[in-house]
Amino acid sequence: MSESILKIEGLTKRFAGLTAVNNLSLDMKERSIHSLIGPNGSGKTTTINMITGVFKQTEGEIHIQDVSTESKKTFQIARLGVGRTFQNLKLYDSMSALENLMIGGHELATMSLWRGIFDLKGSRREEKLLKDRAEYILNYIGLSETAQEKVKNLPYGKRKMIEFGRALMCFPKLLILDEPAAGLNPSERKQFVDIILKTFHEGIDIFLVEHNMDVVMNISTTITVLNFGVKIAEGTPKEIQNNEQVIKAYLGDRFKPIDV
Ligand SMILES: Nc1ncnc2c1ncn2[C@@H]1O[C@H](COP(=O)(O)OP(=O)(O)OP(=O)(O)O)[C@@H](O)[C@H]1O
Ligand SMILES: [Mg+2]
């Protein structure tokens, strides 16, 4: 039995008068692409916000590998090896692509791992380190030529890719993606799927929230389905596609298998 990278038990989030996530448990294994799907407002982003420490849960426990995130702040959870993207991109529009990545990596400069390797002393060396990492990531996502471009001048697909790159800056072992394919055209979507798979094959586990069912069904190891904050199903893509409750609550005719 493989180890868990992310374990959620009895997770609940109540906002005034609304239970956004209701007693959710899931066990994401290392070396998997684990997707969380469900209708709009079913609690997917709220779940991500609890995993990453943006929201404190009302009840329940979250472990990254065997470390509880209880009372940890967002930067401490990032240091456990959790990177994320935001559904509504959180980029600094007036800054360049390179600067956006450098800002995304600010935790990195203070990470003890890095201090150990590089014996950093001054902030200039830290900045050089961040710049080198940002240049490496820009190249990795195929956007080296945009380094000096202001993010606001880049098309949406490239901004989304920079958001993805920023999440890689601190060497995550778990990468959480909130709707990476939303708003992309088919060719951008294919590029995104390719980079997600490449990243997965480099050893980073992926927790994916996504409405595009072609993407989800093609790349997921396991899928968890939420409806009104409640887990209604979990299984392989095939099991989920054939689950009556999931079809009724969410899939409808959203997903038509290509090979029937
Ligand atoms: N900060 C908040 N305060 C109050 N209610 C919130 C807050 N954030 C989310 N909600 C509510 O919690 C529910 C779940 O929202 P959430 O954003 O998690 O849904 P989602 O599954 O990500 O939806 P989508 O697919 O549209 O992104 C919704 O009813 C939403 O209005
Ligand atoms: Mg959402």
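Got a sec? Which helices (runs of 4 or more DSSP H) wholly within segment 150-260 have at least 2 residues that are within 16 Å of ligand 1 (Cβ to nearest atom)? Lay out the reasoning, then the answer.
Numbers: elements: 156-168, 186-201, 213-219, 237-241.
Ranges flagged: 156-168, 213-219.
Might you check whether a residue that is touching an Asp or Glu at 6+ places or on another chain (Cβ under 7 Å), in the same structural domain as Lys7 (by TED's automatic domain parsing), aliphatic (A, V, I, L, M) and within 16 Å of ligand 2 (Cβ to nearest atom) occurs anywhere in segment 214-221? It would help to see each step written out before you state the result.
The first filter runs over segment 214-221 and keeps only residues touching an Asp or Glu at 6+ places or on another chain (Cβ under 7 Å), leaving 216.
Cutting the leftovers down to in the same structural domain as Lys7 (by TED's automatic domain parsing) gives us 216.
Then keep just the ones that are aliphatic (A, V, I, L, M); that gives 216.
If we keep only those that are within 16 Å of ligand 2 (Cβ to nearest atom) too, we end up with 216.
The answer is yes, given that some residue of segment 214-221 is touching an Asp or Glu at 6+ places or on another chain (Cβ under 7 Å), in the same structural domain as Lys7 (by TED's automatic domain parsing), aliphatic (A, V, I, L, M) and within 16 Å of ligand 2 (Cβ to nearest atom).
Consider Val54 carefully, then state whether it is among the aliphatic types (A, V, I, L, M), assigned by TED's automatic domain parsing to the domain that holds Thr224, surrounded by fewer than 20 Cβ atoms within 10 Å (Cβ to Cβ) and touching a Leu at 6+ places or on another chain (Cβ under 7 Å).
Here the answer is no, as Val54 does not meet what is asked.
Those residues that are at pLDDT 95 or above, among the charged types (D, E, K, R) and in a helix (DSSP H, G or I), I need them from segment 127-149; list them, please.
Across segment 127-149, the qualifying residues are Glu135, Glu145.
So that you can scan it fast, the table gives a plain yes or no per residue for (1) surrounded by 21 or more Cβ atoms within 10 Å (Cβ to Cβ); (2) out of contact with any Leu (no Cβ under 8 Å at 6 or more places or on another chain); (3) at pLDDT below 95:
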position: Phe171; (1), (2), (3): no, no, yes
position: Asp178; (1), (2), (3): yes, yes, no
position: His201; (1), (2), (3): no, yes, no
position: Ile206; (1), (2), (3): yes, no, no
position: Val216; (1), (2), (3): yes, no, no
position: Gly229; (1), (2), (3): yes, no, no
position: Thr236; (1), (2), (3): no, yes, no
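How many residues, within segment 73-89, are more than 22 Å from Met161 (Cα to Cα) and either within 13 Å of the chain's Cα centre (by Cα) or of a type in the set (A, V, I, L, M) (or both)?
Summing the residues that are more than 22 Å from Met161 (Cα to Cα) and either within 13 Å of the chain's Cα centre (by Cα) or of a type in the set (A, V, I, L, M) (or both) in segment 73-89 gives 2.
Go through (1) crowded, with 16+ Cβ neighbours inside 10 Å; (2) at pLDDT below 95 and name the single condition Gly252 misses.
(1)
The values are calculated or read from the model by the stated rules, or taken from the named source; none is laboratory data. Computed from a predicted structure; not experimentally measured. Every residue, glycine among them, receives a Cβ derived from its backbone with ideal geometry; neighbour counts consider all protein chains shown.
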